[in-house]
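Chemist: Please see the structure below; I have some questions.
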Amino acid sequence: MRDISHHYKDGRPRHGSPEDRGSADRYYGRSPIPHWFPQGTNKGEKITEDRMSDSEIAAYHCGYWKETDRKDWGYEPQSMDQLQLEEQEDG
């Protein structure tokens, strides 16, 4: 496995690192699609899963599954079944 210590500073994931991006994807409710940014989030080139090492992909998933907080969008998300039922009641 490739050394990924450069993705960390003082024991914490660097901004844009695989673990950081996994954590952010989970926090914002996005699907897990491994990627990272060597120059920081949304700066420079985006490295996608096909160019990531096994250890970088593992770090991404580690960040994704360790994240326990979720973005508060200011409303409770509803299931599609609830939305369809409301539409039927209104229509």
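Chemist: Considering only the other residues whose Cβ falls under 11 Å of the Cβ of Ile47, what net charge follows from Lys and Arg at +1 and Asp and Glu at -1?
Modeler: Summing Lys/Arg as +1 and Asp/Glu as -1 gives -1.
Chemist: Through the Karplus equation 6.51 cos²θ - 1.76 cosθ + 1.60, θ set to phi - 60°, convert the phi angles of the stretch 40-53 into ³J(HN,Hα) values in whole Hz; use x for Gly and Pro.
Modeler: x, 3, 6, 10, x, 6, 8, 9, 9, 3, 5, 10, 9, 6
Chemist: Excluding Arg12 itself, calculate the net charge of residues whose Cβ lies under 13 Å from the Cβ of Arg12, where each Lys or Arg counts +1 and each Asp or Glu counts -1.
Modeler: Values: positive: Lys9, Arg14, Lys66; negative: Asp10, Glu19, Asp20.
Residues near Arg12 contribute 0 overall.
Chemist: Given R₀ = 22 Å, what would the calculated FRET efficiency be for His15 paired with Trp73, taking r from the Cβ atoms and rounding to 0.05? Don't skip to the answer; put the middle values down first.
Modeler: Numbers: r = 23 Å, r/R0 = 1.04.
Once rounded, the FRET efficiency stands at 0.45.
Chemist: In which sequence would Trp65, Trp73 go, from the one with the fewest C-beta neighbours within 10 Å to the one with the most?
Modeler: Trp73, Trp65
Chemist: Continuing with the same structure: Would you grab the residues whose amide H sits under 5 Å from the one on Tyr8? Only those 5+ places off in sequence or on another chain, please, with H modelled 1.01 Å from N.
Modeler: The answer is Arg14.
Computed from the coordinates by the stated procedures, all read-outs in this text should not be read as laboratory data. All values reported here derive from a predicted model rather than from experimental measurement. Glycine also receives a Cβ, built like all others from the backbone with ideal geometry; neighbour counts cover every protein chain displayed.
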